[in-house]
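Notes to accompany the following structure.
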Amino acid sequence: MITHGHGHPAAGMPGHNRSHDDTTLRAANQYVTAFNALAAQLALLLPCWWCGQPIRYDFTGRAAQRHRDAFPLHHAAPLSRGGDLLDPANARSAHHRRNSARAVIRS
């Protein structure tokens, strides 16, 4: 059997699951689209849509995940309530502290 090197049959070979490849490709395309939406929102350098104060866009890596004034992409309509991950109109700039506080309020 010809494999990809980790035991899975290569494309076009018996035992290959095309639907798995299609699902993986769709997921990858959604990730790229979501990343592009995030990058577009980030490039605008907008203030926090809740309080109007500047956001610290200079934080990266772990600091961006933890600092209260850092930028996370905020969804106006939460994904848990049917908001669209890929809709640019659903994207907002917010402080990490505001986005986190909203998550706690809604749970």
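The values are calculated or read from the model by the stated rules, or taken from the named source; none is laboratory data. The structure presented is a predicted model; accordingly, all values stated were derived computationally and were not measured. Please note: Cβ atoms are built from the backbone with ideal geometry, for glycine as well, and neighbour counts cover all protein chains shown.
In table form, for the structure just shown:
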read-out: Conditions (1) part of a loop (DSSP other than H, G, I, E, B); (2) modelled with pLDDT of 80 or more; (3) touching a strand residue (DSSP E or B) at 6+ places or on another chain (Cβ under 7 Å); number of the one not met by His74; value: (1)
read-out: The stretch 60-71, subset in contact with a strand residue (DSSP E or B) (Cβ under 8 Å, 6 or more places away or on another chain) and over 11 Å from His95 (Cβ atoms), residue surrounded by the most Cβ atoms within 10 Å (Cβ to Cβ); value: Ala64
read-out: Scan of the stretch 51-60 for residues that are under 18 Å from the mean Cα position of the chain (by Cα), of a type outside the set (A, V, I, L, M, F, W, C) and at pLDDT 85 or above, ordered by number; value: Tyr57
read-out: Contacts under 6 angstrom Cβ, first residue in the stretch 78-89 being without any contact (Cβ under 8 Å) to a residue 40 or more places away in the chain, partner part of a helix (DSSP H, G or I), 6 or more apart; value: Gly83/Asn90; Asp84/Asn90
read-out: Residue match in the stretch 78-97 (condition: of a type in the set (A, V, I, L, M), in contact with a strand residue (DSSP E or B) (Cβ under 8 Å, 6 or more places away or on another chain), closer than 22 Å to Thr33 by Cβ and part of a loop (DSSP other than H, G, I, E, B)); value: yes
read-out: Residues (at pLDDT below 75 and small (Gly, Ala, Ser)) located in the stretch 15-33; value: Gly15, Ser19
read-out: Subset of the stretch 23-52 [assigned to a helix (DSSP H, G or I), in contact with a strand residue (DSSP E or B) (Cβ under 9 Å, 6 or more places away or on another chain) and among the hydrophobic types (A, V, I, L, M, F, W, C)]; value: Ala34, Ala37, Leu38, Ala40, Leu42, Leu44
